[in-house]
Amino acid sequence: MHQIKRLLTLAAVLIAATSPALANSLVVYSPQGEENVQWIVDQAKAAGHDVQFLRAPGGELFDRLVAEKNNPQADVVLGMVDTSMALLKKNGLFQPCTPAWAADLPAQYKDKEGIVYKFWSTPVVIAYDSEKLAAERAPKSWLDLTRGEYKGKYVIGNTAWQTTRVYLAGILARFLDDKGEVTQAGWDFLGAFYANAIVVDDADARKEAFKSGGAIINLNWFGGVIKDAKELGMQVKIIDPEGGTPVISEGVAIMAGTDQLEQAKAFVDWFGSADVMASYAEKFGQVPVLPAALAKSPPEVQANAELVKAQPIDWDAIAPKLDGWLQKIELEIR
């Protein structure tokens with residue numbers, strides 16, 4: 001019945017690696033882009049893995065996974081970010097596994113329970129237009145942004161945007177007390193951070209803030225900074241700030257309710273291996289977190305990995321609190 005329901009539910013939206021019946025395939029839920037998923041599917045097929053992907057936005061997949069907890073349709077979850085993976089783990093949706101590549105993975109990219117393992121990372125950076133701001137006048141830290149000289153020079157996006165959520169979490173993580181709660185100093189700082197910014201709700205307003213010449217400091221994920229630079233004609237420099245840069249990491253985990261455990265383990269072993277991760281880096285420019293994969297990646301990917309130091313953030317501790325923080329921001333600060 002599990003496989004029949006899976007067929008009825010997912011057949012219309014899956015990207016398939018092979019032609020056999022879905023009942024024999026490993027089902028992977030992923031928010032990756034269509035081109036990225038198709039690449040993974042093609043490589044998996046060549047390696048002998050019978051997999052089919054359900055691809056949808058991260059928030060939609062999160063809700064679906066929670067709704068399906070008692071009758072899971074997925075075998076593997078791949079590519080959701082730190083906070084989502086932490087909450088799904090907390091809800092008991094995953095089971096422990098030890099991928100073949102796990103021993104060499106840096107500690108910050110695997111949890112203590114041996115359940116979620118990260119494979120790619122993207123920093124959420126501070127960048128600036130070097131034609132409009134001299135290097136010596138650029139901020140040295142996220143905490144510098146409340147200074148008067150940066151008023152109206154940076155944009156804060158919608159709190160529904162993943163990038164905005166990540167850097168807000170990174171800021172508040174600097175103001176936690178011994179119980180893991182944000183101090184009043186943290187909320188006061190965030191109030192000043194918003195007061196000093198151009199605050200927008202949509203992508204068009206964000207782009208206009210830079211086109212008009214007011215915004216010259218870009219708080220964005222690394223790939224977004226590069227895209228903005230090309231579209232807006234900006235000469236950007238990335239800052240390696242004091243206290244580090246929040247990093248989005250994407251993870252993989254095996255569902256607790258899978259009836260294809262051995263196939264799931266084999267797929268995870270293959271997917272996170274150094275050769276596959278290095279090939280992905282060459283194709284898409286993403287930075288792998290496995291050292292052996294990074295060593296095999298193109299020189300520009302290796303250089304990008306050295307641009308900033310990661311801010312230490314305990315996402316397992318922060319994830320359950322983030323929605324409450326964002327609600328307070330919307331109601332009391334924004």
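Where a number appears in this text, it was derived from the coordinates with a stated rule and is not lab data. All values reported here derive from a predicted model rather than from experimental measurement. With ideal geometry, Cβ positions are generated from the backbone for all residues, glycine too; neighbour counts draw on all protein chains shown.
Its relative contact order, with pairs defined as Cα atoms under 8 Å and 6+ residues apart, puts the range 32-149 at 14 percent. Each label point was placed 7 Å from the Cα along the Cα-to-Cβ direction; for residue 202 and residue 235 their separation is 3.4 nm.
Over its Cα atoms, what ratio of radius of gyration to 2.2 N^0.38 Å does the chain give?
Details: Rg = 20.7 Å, N = 334, 2.2 N^0.38 = 20.0 Å.
Taking the Cα Rg and dividing by 2.2 N^0.38 Å, one obtains 1.03.
Evaluated at q = 0.13, 0.17, 0.18 Å⁻¹, the base-10 log of the normalised Debye intensity for the range 228-318, with identical point scatterers placed on the Cα atoms, takes the values -0.63, -0.94, -1.01.
Comparing the range 176-334 with the 2.2 N^0.38 Å rule of thumb, its C-alpha radius of gyration ratio is 1.30 (two decimals). Each 5 Å bin, from zero up to the one with the longest distance, holds this percent of the alpha carbon pairs of the range 20-69: 4, 20, 25, 24, 17, 9, 1.
Scale the Cα Rg of the range 10-156 by the rule-of-thumb value 2.2 N^0.38 Å and send over the ratio, two decimals.
On the way: Rg = 20.3 Å, N = 147, 2.2 N^0.38 = 14.7 Å.
For the range 10-156, the normalised Cα radius of gyration is 1.39.
Quick one: which of 185-192, 220-227 comes out on top by average Cβ neighbours within 10 Å, and what's the full order, highest first?
Details: 185-192: 16.4, 220-227: 18.4.
Going from most to least packed, we get 220-227, 185-192.
Summing +1 for each Lys or Arg and -1 for each Asp or Glu among the other residues whose beta-carbon sits under 12 angstrom from that of residue 263 gives -4.
Taking Cα pairs under 8 Å and at least six residues apart, what relative contact order does the chain come out at, in percent? Working shown, then result.
Numbers: 547 pairs, mean separation 82.6, N = 334.
Once normalised by length, the contact order is 25 percent.
Ranking 258, 268, 286 by Cα position along the charge dipole of the range 246-334, where only Lys, Arg, Asp and Glu carry charges on their C-beta atoms, puts 286 farthest toward the positive end. Taking all Cα pairs closer than 8 Å and separated by 6 or more residues, the relative contact order of the range 178-289 comes to 8 percent.
Can you pull out the GluC sites (Glu not before Pro) in the range 242-306 whose DSSP state is coil and whose Cβ has at most 12 other Cβ atoms within 10 Å?
On the way: sites: 242, 250, 262, 282, 300, 306; in loops: 306.
Answer by residue number: 306.
Counting other Cβ atoms within 10 Å of each Cβ, which GluC sites (Glu not before Pro) in the range 106-193 have at most 15 and sit in a DSSP loop?
Details: sites: 113, 131, 136, 149, 181; in loops: 113, 131, 181.
Answer in residue order: 113, 131, 181.
Return the subset of 45/230; 265/296; 230/283; 45/283 for which the Cα-Cα distance in this structure is over 28 Å, preserving the input order.
Values: 45/230 35 Å; 265/296 24 Å; 230/283 20 Å; 45/283 17 Å.
Flagged as over cut-off: 45/230.
Computed over the alpha-carbon atoms, the range 255-295 gives an Rg to Rh ratio of 1.12, Rh here being the Kirkwood radius from the mean inverse distance.
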